[in-house]
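The values are calculated or read from the model by the stated rules, or taken from the named source; none is laboratory data. Just so it is clear, the model here is predicted, and its values are computed rather than measured. So basically every Cβ, Gly included, is an ideal-geometry build from the backbone, and we count neighbours across all protein chains shown.
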C-alpha cells in the first residue's frame, strides 16, 4: 500500500511551528465539542448517552496523534507553469492551479498562528471547488510567495 | 423617436413603454379592479336597485367625500405617473468601446459597469406582453453570480441591432460602419399593427441570421416523447399505481384531494418544458452560438466563442432505445431571468438524436471539428467500453463501479479532456483544456487499498461536474499531469476573449 506520489517532485514543506498551532486548535475544538455533547448525558444521567462524547473524544485523540504527520504531509511547489499543492495522509489530495487562473491571493492570520508568526495563504480561482489553502507559512515567506504568485499570474493572465 | 445607433458612446434611454412593462402590470390590474367595482355601482344607481352590502363606493358617494377622494386618487395617479416617468428619464445606459454602463434610480442612484471583453453571453428576452408592444429585454451577462447588466426594455429591432454591435465591439475589431437600419418608420396605425403581427408570427430564428446547415431545430414528436419518457413520468406512474392500490384496498377517495397540488405542479412542469422547448433552435453565428427558445415568451441568447466551460452529453435509460441525448453546459454567468422559469439556461439541447448532438458539439466546441476527435466522441457516447481509445478503469474497480467499470474512463484530445461515465445512465463530459481552472487528484483509504484514485477537473460552477472516480492509480496520475500541462498550454494560446482579433491576427 504505497501512497500516491508524483514524479520528480520537490516539495516545500510548511513550518514545523504549525504543528503546535494545529495541535492547540484541534485540542480547543475537541474540548468544546466533547463538553457540548456531554451536556445531554450529564443532565439526563443516562449512561449510554456518554457514548457520544466518548467516541468523539477518541476521534479527537487519534487526530491529535496524527497531527504532526499530517502537517508534515502538507507541501507545495512552484512549477514552471502551475502551483502544485498536496495535503493529507489518509485522504490524499493533490491540486494543480495554473498561475494564469489565479484570481486573487489572500493572506489570513488566525490568533494562534499570529502568536507564533505564521500566516495562511489562500488561492481563489473562478472555480469554487479549487480550495487551495497553504497554512503555516512564516510571515515573510507568505508575503514573498504572494508577491511572486501575483507577478506570475499577471504575466500569464488569460481570460476565464 | 428616431432609430439611431445605440452603441455610440452616448447616453441613451430605454423604450418609452418600459414603466408599463416593468411594474405597470400590477397598476393595470388595480385599475381594472376599481373599474369593475365602479361599473357595478353605476349600474346600481341607474337601475336604482338597493344595495344592502357594504360597498366603499356607495359609502364614499353617500358621505360627501366624493370630491376629496377623487382628488386624492388623481394626485396619487399623477404621482405614480410622474414617478414612472422620472425613473424612466433617469434610467440611462451607454456603450463605449470597452464597457457597458447603466445608471438608474431617482433618489438612490446606482451605476453598473461591465467590461465588454468579459461578456459571457448576451440574452434577448421577450416576455409575451413585451412582444405584443414590440419591446425586448437585453441582458448582458458578465462573469459572476448575477453580475448581469440589464437593459429592460428596448425596442425589439433596436435590441437585435445593439446586440450585434456590442458583440462586434467585444470581439476586438474596430467597429465597422454599420449599414443603416432598414426600419421604415411606421406612419399609420395599420402599418404599425402589421409590423407587430409580423414580428409575432416570425420564425424564432431569422432565416438570414445563420447558415442553415448549422441550425438544429426541435422535433415535435421527439420533444413529446422525451417528456413522456422522463423521470417525472416514472414518478407519476408510481404515484398513480400506489394511489389505485390504496383506493382498491380502502374504497376511499378522500385523499385524492391532497394530491391535487402535486398534480398541478407536475402538469405545469410538463407545460413549462413543452412551451419553452417547442421553438428551440441553436445556430452558429460569426459571434458565437445562438440559442433560442420559447413559444409565447421568447428568449434567445448569443454565447461568444470560448464561454463554455464544460459540456455534458447524457442519456437517461428510458431514452436509450430512441437514441436521444441531452446536453448541458457550465458557464461563468447565471441569469436570473431563466432560473425562475424552471429550466435553467444551462440546457443547451433539451433532447436530440446523435446527429443533433454532433452538430451542437461542433458548435459549442469548435476545437473538435476534425473527424478523429468526433469519432472518439461518438465512441465515448455509445461504446460499451473496452479498448476503444479511452483509458478505462481496471477490472478491480468492479467493486466500486458495478456495471460501468468497462466504460468509466477518459481520453485527452488536442484541446479538450473527455470523461466518460455510467453504463446505465450514460454520460460524457467534455472540458475544453483552455477553460480548466484547476485540477485535483484524490485518494482515500478505500481507493488506496484497491490501487485506484479519483481525478476532478475544476471548472466554474454549473450542472456539469467533471469528476472521474475509480481510475487506476498510474492512469490517474497520468491524467492529472497531462491535463495540467494541457491546461497551461491551451490557456497560453487561447485568445477567445477577443475572438475576432485572434482571427485577424491569424489572417495577416
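Things to note:
- If you filter segment A:85-101 down to residues that are at the interface with chain B (Cβ under 8 Å from one of its Cβ atoms) and in a strand (DSSP E or B), you find that the one that is farthest from residue B:434 (Cα to Cα) is A:92.
- Some residue of segment A:106-113 being touching a residue at least 12 places away in the same chain (Cβ under 8 Å) and within 30 Å of residue B:308 (Cβ to Cβ): yes
- Scanning segment A:111-154 for residues that are surrounded by 14 or more Cβ atoms within 10 Å (Cβ to Cβ), within 14 Å of chain B (Cβ to nearest Cβ) and not in a strand (DSSP E or B) turns up A:125, A:126, A:127, A:129, A:130, A:131, A:149, A:152, A:153.
- Given (1) away from every other protein chain (no Cβ under 14 Å); (2) out of contact with any strand residue (DSSP E or B) (no Cβ under 8 Å at 6 or more places or on another chain); (3) closer than 30 Å to residue B:473 by Cβ, index of the condition residue A:2 fails: (1)
- Selection status of residue B:410, within 24 Å of residue A:83 (Cα to Cα) and buried (at least 20 other Cβ atoms within 10 Å of the Cβ): yes
- Residues in segment B:351-398 that are crowded, with 22+ Cβ neighbours inside 10 Å and part of a strand (DSSP E or B) were compared, and the one that is nearest to the chain's Cα centre (by Cα) is B:351.
- Checking each residue in segment B:419-439 for being part of a strand (DSSP E or B) and either more than 7 Å from chain A (Cβ to nearest Cβ) or out of contact with any strand residue (DSSP E or B) (no Cβ under 7 Å at 6 or more places or on another chain) (or both) picks out B:419, B:420, B:421, B:426, B:427, B:428, B:429, B:430, B:431, B:432.
- Residue list for segment B:39-53, restricted to those being assigned to a helix (DSSP H, G or I) and at pLDDT below 75: B:40, B:41, B:42, B:43, B:44, B:45, B:46, B:47
- Within segment B:474-484, tally of residues that are surrounded by fewer than 23 Cβ atoms within 10 Å (Cβ to Cβ) and either on the phi > 0 side of the Ramachandran plot or at the interface with another protein chain (Cβ under 8 Å from one of its Cβ atoms) (or both): 2
- Filtering segment A:13-30 to residues that are surrounded by fewer than 13 Cβ atoms within 10 Å (Cβ to Cβ) and either more than 19 Å from residue A:139 (Cα to Cα) or out of contact with any helix residue (DSSP H, G or I) (no Cβ under 9 Å at 6 or more places or on another chain) (or both) leaves A:28, A:29.
Here is a yes/no grid of residues against (1) within 25 Å of residue B:304 (Cβ to Cβ); (2) in contact with a helix residue (DSSP H, G or I) (Cβ under 9 Å, 6 or more places away or on another chain):
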{"site": "B:368", "(1), (2)": "yes, yes"}
{"site": "B:390", "(1), (2)": "no, yes"}
{"site": "B:400", "(1), (2)": "no, yes"}
{"site": "B:423", "(1), (2)": "no, no"}
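- Verdict on residue B:442 being surrounded by 18 or more Cβ atoms within 10 Å (Cβ to Cβ), facing chain A (nearest Cβ under 9 Å) and under 28 Å from residue A:3 (Cβ atoms): yes
- Residue B:461 being crowded, with 23+ Cβ neighbours inside 10 Å, modelled with pLDDT under 90 and farther than 22 Å from residue B:381 by Cα: no
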